[in-house]
Amino acid sequence: MAKTYDVIVIGGGPAGYVAAIRCAQLGLETACVEKWINFKNEPALGGTCLNVGCIPSKTLLESSEHYHLIKKGINSHGIHVDSVSLDLDKMMARKEDIVMQLTGGIGALFKANGVEWLKGHGKLLADRQVEVTARDGSTEVVSADQVIIATGSQPIDISAAPVDNAEGLIVDSTGALDFRQVPKTLGVIGAGVIGLELGSVWNRLGSKVIMLEAVEDFLALADQQIARDALRQFKKEGLDIRMATRVTATRKTADGVVVSFKDTSGDHEMTVDKLLVSVGRRPNTDNVAALESGLLFDERGYIHVDDDCRTNLPGVYAIGDVVRGPMLAHKGSEEGVMVAENIAGQHGHLNYDAIPWVIYTNPEIAWVGKTEQALKAEGIPYKIGTFPFAANGRAKAMEAASGMVKMLAHAETDLLLGCHIIGPFASELVQEAVLAMEFHASSEDLARTIHGHPTLYEAMHEAALAVHGRALHKINT
Ligand code: FAD
Ligand code: NAD
């Protein structure tokens, strides 16, 4: 007889492991099937985010930012550093140590909460049975009253640039998080979030980074006023970003990778030491469900779900990158909490209109809610308040006084509809706007909230004041 659980979660990334912990907290007997094998050739929890995504990328962004700052930017503070050297092996070892601590921490959380980790590949069969195939090929079938699929995503391949991380010449994000030498030149296909973050890491460490982006609009999902400012600032930082450029072929030679591409002026070639392919990610659905399970997929290959992450099968849910919506760790985790609470008979809910986005470049970009172009397209009347970090004392003291905060509020109700930030610690500042939107705050609510001085948050306050033309530290127009 198959062992039976209340809940089986397939996938132990930020969507799956959070769902499993929340289910266990709610008194449900829970197992999580996870197959990840880490760089030490050991089974690991945490998924893309902890092993080869959010955490290692942010660790390298932090390290490379320190190096860059000491090398290029500290003289203005009256600090002269005579010689700076890079120990890339140590930087990488620190990254690996942090990944090991955090992924190990999830194992400890599973133990503490009584979640059973079934190591291996999980496949949904009919009637909420799950086949688990271990590393040695042995299989076992377990079953549950409820199954949550959280199998995540993987990089999209393009035939013009086949990735081989082991060889290390044409790589995806996993390969680019693990270079053992700073490439002299790094080509990047796709100037999206991964291209910009990992391009920034290697640019700061000394690579010449050339980014080839297919479309004309830079960061099409972001507010376009912020995106234009970002493009200008990234170019100043040394990133060579070329829009409306399509890679047609690549060739490996003794000197690196020859990249053939086409732009508005015709066909070109360039040779780079390494090439990063970062053109988006696709859901992990290969071999996740047997045909007889009857699981439905949408036309783009994601598992089809409703607003509450219910699939077409009773008692089967799907969450995280494997379903519609932004591919963000916190979105997947909150879906996990929502589903666990609904399974336990509570009223789980997720506000998809208040999911923050962050791009951890320098300057950082962060936003929540509607962009100005979306409001225009939807015919929603709005007011704008902007405030530049150039007029913020704390940003000046930090030598980080570029960028702005832009608030968008409904022209009639004053309800906060969106907030877009480019500048220092945008990743942290945006949370004030997320909270405000969760509480259905108006821009007036933010304008009437006392903000400490001197803080970067004063830029949020001033932008809210600016919605009604009463910013205090800028000339209102
Ligand atoms: P995943 O994290 O992909 O986890 C899915 C898990 O399921 C994996 O562990 C996989 O091994 C397992 N699995 C798959 N199929 C099976 C199966 N059949 N049986 C058993 N196990 C299976 N997001 C942010 O919010 N902030 C960031 O700063 C950020 N930075 C990123 C940087 C990089 C370089 C990358 C690549 C991504 C980044 N992301 C970031 C995106 C983030 O990593 C994903 O949105 C997030 O990991 C999705 O969580 P998930 O649990 O849905 O999927
Ligand atoms: P992306 O969608 O952010 O960017 C991909 C870019 O590649 C787009 O600009 C697209 O126009 C371009 N592109 C597509 N095909 C191309 C081609 N053939 N040639 C040239 N350009 C091409 O995808 P990504 O950067 O791969 O990241 C994947 C996802 O991972 C993101 O959407 C995001 O959800 C998540 N992520 C989040 C963070 C974060 O939250 N800070 C960081 C990294 C990744």
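The values are calculated or read from the model by the stated rules, or taken from the named source; none is laboratory data. For clarity, every value in this text was computed on a predicted model and none was experimentally measured. Note that each Cβ is placed from the backbone with ideal geometry, even for glycine, and that neighbours are counted across all protein chains shown.
Looking for something touching a strand residue (DSSP E or B) at 6+ places or on another chain (Cβ under 9 Å) and in a helix (DSSP H, G or I) - is there at least one such residue anywhere in the stretch 243-251?
The answer is no; no qualifying residue exists.
Looking at (1) of a type outside the set (Phe, Trp, Tyr); (2) outside the structural domain of residue 49 (by TED's automatic domain parsing); (3) within 16 Å of ligand 2 (Cβ to nearest atom), find the lone condition where residue 150 falls short.
Among (1) of a type outside the set (Phe, Trp, Tyr); (2) outside the structural domain of residue 49 (by TED's automatic domain parsing); (3) within 16 Å of ligand 2 (Cβ to nearest atom), residue 150 violates only (2).
For residue 54, indicate whether it is more than 7 Å from ligand 1 (Cβ to nearest atom) and in the same structural domain as residue 334 (by TED's automatic domain parsing).
Answer is no for this residue.
Six or more apart or on different chains, Cβ atoms under 6 Å: show the pairs whose first residue is in the stretch 84-104 and over 13 Å from residue 61 (Cα atoms) and whose second is basic (Lys, Arg) and in a helix (DSSP H, G or I).
Hits for this filter: 84/71.
Which pairs turn up if I take residues in the stretch 146-172 that are assigned to a loop (DSSP other than H, G, I, E, B) and look for partners that are within 12 Å of ligand 2 (Cβ to nearest atom) and among the basic types (Lys, Arg) with beta carbon separation below 8 Å, at least 6 apart in sequence or on another chain?
Within 8 Å, the pairs are 156/281; 156/282.
Hey, residue 159 hits all of (1) among the hydroxyl-bearing types (Ser, Thr, Tyr); (2) within 13 Å of ligand 2 (Cβ to nearest atom); (3) touching a helix residue (DSSP H, G or I) at 6+ places or on another chain (Cβ under 8 Å) but one; which does it fall short on?
Only one criterion is unmet by residue 159, namely (3).
Among the helices (runs of 4 or more DSSP H) confined wholly to the stretch 413-477, which include 1 or more residues that are among the polar types (S, T, N, Q), within 19 Å of the chain's Cα centre (by Cα) and surrounded by 17 or more Cβ atoms within 10 Å (Cβ to Cβ)? If you could, list the steps in order and put the result at the bottom.
Details: elements: 426-438, 443-447, 457-467.
It comes to 426-438.
Give the residue that is nearest to residue 390 (Cα to Cα), with candidates limited to residues of the stretch 238-256 that are under 28 Å from the mean Cα position of the chain (by Cα) and buried (at least 17 other Cβ atoms within 10 Å of the Cβ).
239
Considering the stretch 141-173 alone, what residues qualify as being under 13 Å from residue 124 (Cα atoms) and surrounded by 15 or more Cβ atoms within 10 Å (Cβ to Cβ)?
142, 143, 144, 146, 147, 148, 149, 150, 151 - these are the residues of the stretch 141-173 that are under 13 Å from residue 124 (Cα atoms) and surrounded by 15 or more Cβ atoms within 10 Å (Cβ to Cβ).
Just give me the residues in the stretch 104-115 being over 22 Å from the mean Cα position of the chain (by Cα) and in a helix (DSSP H, G or I), in sequence order. So that I can check it myself, show each step before the final result.
Taking the stretch 104-115 first, the residues over 22 Å from the mean Cα position of the chain (by Cα) are 107-115.
Passing the criteria: 107, 108, 109, 110, 111, 112, 113.
On the basis of being exposed (fewer than 14 other Cβ atoms within 10 Å of the Cβ) and either under 30 Å from residue 2 (Cβ atoms) or within 16 Å of ligand 2 (Cβ to nearest atom) (or both), does residue 138 make the cut?
Yes; evaluated as a whole, the condition is true for this residue.
Is there a residue being modelled with pLDDT of 95 or more, among the hydroxyl-bearing types (Ser, Thr, Tyr) and surrounded by fewer than 17 Cβ atoms within 10 Å (Cβ to Cβ) anywhere in the stretch 355-366?
no
Going residue by residue through the stretch 316-335, is there one that turns out to be away from ligand 1 (no atom under 16 Å from the Cβ) and not hydrophobic (A, V, I, L, M, F, W, C)?
no
If I ask for residues that are closer than 15 Å to residue 13 by Cα, crowded, with 22+ Cβ neighbours inside 10 Å and of a type in the set (A, V, I, L, M), which ones from the stretch 299-328 would you list? Write out each step before concluding.
Taking the stretch 299-328 first, the residues closer than 15 Å to residue 13 by Cα are 318-323, 327-328.
Right, trim to crowded, with 22+ Cβ neighbours inside 10 Å and you get 318-323.
Selection gives 318, 319, 322, 323.
Return the residues of the stretch 189-237 that are in a loop (DSSP other than H, G, I, E, B), among the charged types (D, E, K, R) and either modelled with pLDDT of 95 or more or closer than 22 Å to residue 247 by Cα (or both); say none if nothing qualifies.
213, 216, 217, 223
For (1) of a type in the set (A, V, I, L, M, F, W, C); (2) over 16 Å from the mean Cα position of the chain (by Cα); (3) within 13 Å of ligand 2 (Cβ to nearest atom); (4) over 30 Å from residue 169 (Cβ atoms), each residue gets a yes or a no:
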position	(1), (2), (3), (4)
276	yes, yes, yes, no
285	no, yes, no, no
294	no, yes, no, yes
304	no, yes, no, yes
321	no, no, yes, no
345	no, yes, no, yes
361	no, no, yes, no
366	yes, no, yes, yes
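Exactly one condition in (1) over 21 Å from residue 167 (Cβ atoms); (2) part of a loop (DSSP other than H, G, I, E, B) is false for residue 267; which is it?
Condition (2) is where residue 267 drops out.
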